[in-house]
Amino acid sequence: MNIKTNFYKLLYKIIFNIKYKIHIEWNDFNKNRKDSYYLLANHPSLNDGILQSLYLKKQPTMVVDHLELSNPKWKHLLTNVVKSIEVHRELFNIKSIHEIKDQIDKNKAILIFPEKSASYFGENHLLPLSTAKLIKKYPLDIAMVKSQGSYLANPRWGEKIPFRANIDLDYQMILTKERIKILSIEEIHDILVDHLAYNDFQWNKEQKYLYRNKHRALGLEKYIYFCPKCSKHQTIYTKGESIYCEHCGKLGHFNAYLLLSGFEFDDLMTWDKLQKQALPQILSNSIFTRGSMNLLNMDDDSIKELNYMDMEINPKSKAVFVQNRDDEIMFEIKKIKRLSLLRKDELVFEYKGIIYAFKIEDPILMKDSLEYIKKQD
């Protein structure tokens, strides 16, 4: 590790130890391990890539979605604080597999987030088979680090984080190289799914940690778009710890344990299921949002800013219309590829070979709607 990397590692250790109360269980994992192995991690927050490797003696090489490097801040983190290998979100491409094999040959540990994307609502995403396929192709011992409390400490939608929130990091060995050789890809995948499952709301029902944050609801309206009381959409807004609907008034609040109070449910996963179930009703008409649009050139990491725009998703024409000050652009939804959400509120997709990034007010509604319409074809 060079001097610059050591400096940033020390700096982030200081920052994280000030912001959070971090509890680490090493179990049968050796944090001073120097050989090559896979370190698989769950992905509850945007800080995971730094946090989960920060306390290891030998820094692992982290596998990241190449679109994350489109942001200067994240590019700095992923090139100065950790070493990273770029992959496409959907799969390990040939180039990235060769780079991973090269790191293995150099006796480097490989840090992988099988979920691909940080959690939206506090529980794990579905795991694709690609990680199990890679592990089967290049068998190594597998360690796992499960982070619990990271989502509540820094929810992806949050604007104000609680001070000194508790985070538990649990490291353990889950498979040996020899065991991997006799397991099928599907069996490896099932083991990963079982070990990487998490639910931060359920976790804190048991831990009962308190969160000191008077503004713990701020930003939720970016991810929650459906009112469970009046069934209207895009009417949610927040103040401090409280959640409101423009039609119904106050709906409830986050209590000191960051559980929902005033609703028939106490976690965001249940609310998200309700809003996804409402999509057929919501998409009976066009939906609208606003924000800014950029074009990303991943060859030279350049960004072309197209500034303010309005976006419409028209379910009947199965198209997205984007209007900026110069002209209107139309995207056929069936031709949209690599749809994803970067960071907090950047909806990204590829269309006819061009990568578009939209920083918008309603990122989850637009993402859910595009995915729903694409499934109808």
Exercise for review: Scan the strands (runs of 3 or more DSSP E) fully inside the stretch 181-255 and keep the ones with 2 or more residues being touching a helix residue (DSSP H, G or I) at 6+ places or on another chain (Cβ under 7 Å).
Suggested key: 236-239
Exercise for review: Can you tell me which residue among A256, A278 is small (G, A, S) and within 30 Å of Y356 (Cβ to Cβ)?
Suggested key: A278
Exercise for review: Pick out the one residue from Y8, Y12, Y37, Y55 that is modelled with pLDDT of 95 or more and either hydroxyl-bearing (S, T, Y) or not assigned by TED's automatic domain parsing to the domain that holds K116 (or both).
Suggested key: Y37
Point to revise | Residues of the stretch 208-254 satisfying the condition of being more than 20 Å from I364 (Cβ to Cβ) and touching a Pro at 6+ places or on another chain (Cβ under 8 Å) | key: Y211, R212, N213
Point to revise | Single residue of the stretch 132-165 satisfying the filter (crowded, with 24+ Cβ neighbours inside 10 Å and among the hydroxyl-bearing types (S, T, Y)) that is nearest to L341 (Cα to Cα) | key: Y151
Review point. If we scan the stretch 328-339, do we find a residue that is surrounded by fewer than 18 Cβ atoms within 10 Å (Cβ to Cβ), over 25 Å from the mean Cα position of the chain (by Cα) and within 18 Å of P363 (Cβ to Cβ)?
Key: no
Check your understanding: Which one of these does G158 not meet: (1) of a type in the set (G, A, S); (2) farther than 24 Å from N204 by Cα; (3) at pLDDT 90 or above; (4) not in a helix (DSSP H, G or I)?
Key -> (2)
Point to revise | Condition check for F331: in a strand (DSSP E or B), touching a Phe, Trp or Tyr at 6+ places or on another chain (Cβ under 9 Å), among the hydrophobic types (A, V, I, L, M, F, W, C) and at pLDDT 95 or above | key: yes
**Study point:** Candidate set: the stretch 256-287, residues that are assigned to a strand (DSSP E or B) and over 24 Å from the mean Cα position of the chain (by Cα); chosen: the one surrounded by the most Cβ atoms within 10 Å (Cβ to Cβ)
**Key:** I287
**Study point:** the stretch 192-208, residues that are buried (at least 16 other Cβ atoms within 10 Å of the Cβ) and closer than 15 Å to A41 by Cβ
**Key:** L192, H195, L196, Y198, D200
Exercise for review: Answer yes or no as to whether D310 is in contact (Cβ under 8 Å) with a residue 60 or more places away in the chain, of a type outside the set (K, R) and surrounded by 14 or more Cβ atoms within 10 Å (Cβ to Cβ).
Suggested key: no
Review point. How many of the residues making up the stretch 356-377 are of a type outside the set (S, T, Y), surrounded by 19 or more Cβ atoms within 10 Å (Cβ to Cβ) and not in a helix (DSSP H, G or I)?
Key: 4
Check your understanding: farther than 30 Å from G149 by Cβ, touching a residue at least 40 places away in the same chain (Cβ under 8 Å) and either among the small types (G, A, S) or not in a strand (DSSP E or B) (or both) - does that describe any residue in the stretch 342-353?
Key -> no
Study note, to complete from the structure: The condition of being at pLDDT 95 or above and either of a type outside the set (G, A, S) or assigned by TED's automatic domain parsing to the domain that holds N17 (or both) holds, among A143, A153, only for A143
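The values are calculated or read from the model by the stated rules, or taken from the named source; none is laboratory data. Source: prediction; values computed, not measured. Here the Cβ is made from the backbone with ideal geometry for all residues, glycine too, and neighbour counts use every protein chain on show.
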